[in-house]
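Below is one structure, written out as structure tokens; the observations come after it.
Computed from the coordinates by the stated procedures, all read-outs in this text should not be read as laboratory data. None of these values were measured; they are calculated from a predicted model. All Cβ positions, even for glycine, are placed from backbone atoms using ideal geometry, and neighbour counts span all protein chains on display.
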Amino acid sequence: MSSGELGCIYATLILHDDGIPITAEKISTLLKAANVTVESYWPSLFAKLAQSRNVDDLVLNSGAAGGAAVVAAAPAAGGGAAAAAAPAVEEKK
């Protein structure tokens, strides 16, 4: 991810957090104030995304795909460890 993309993400989050309507001009203003240079199309892309999608949902579901794989793998590993630990307890009796 480039610094321009990251800057647009942060600018979008700042505007959303402050309750300010997210527009390409406002994203560009924040980036200019932070001395971040971006390609001219990034602010408009992020503004269109913010207008078409709920930013809260994007933030809350940003790691959903990666988190699902970890959650799915955890029971398999935990189940194997529990099964291995159970016979050891029985042997001590």
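For the range 30-47, in order, what is each residue's ³J(HN,Hα) by Karplus, 6.51 cos²θ - 1.76 cosθ + 1.60 with θ = phi - 60°, in whole Hz (x at glycine and Pro)?
5, 5, 5, 5, 8, 6, 9, 9, 9, 5, 5, 7, 4, x, 5, 5, 5, 5
Between Asn61 and Met1, how many nm apart are label points set 7 Å from Cα along the C-beta direction?
Placing both labels 7 Å beyond Cα along the Cβ direction yields 1.8 nm.
Quote to one decimal, in nm, the extra length available between Ser44 and Ile20 on full extension: 0.36 nm per residue of separation minus the C-alpha distance between them. Could the numbers behind the result be given before it?
Working: separation 24, 0.36 × 24 = 8.64 nm, distance 1.58 nm.
Result: 7.1 nm gained on full extension.
Under a 5 Å amide H to amide H cut-off, with H placed in plane at 1.01 Å, what residues pair with Val38 once short-range neighbours are removed?
none
Give, as a single signed number, the net charge of other residues whose beta carbon lies under 11 Å from the beta carbon of Leu45, with Lys and Arg counted +1 and Asp and Glu -1.
Values: positive: Lys48; negative: Glu5, Glu39.
After counting each charged neighbour, the total is -1.
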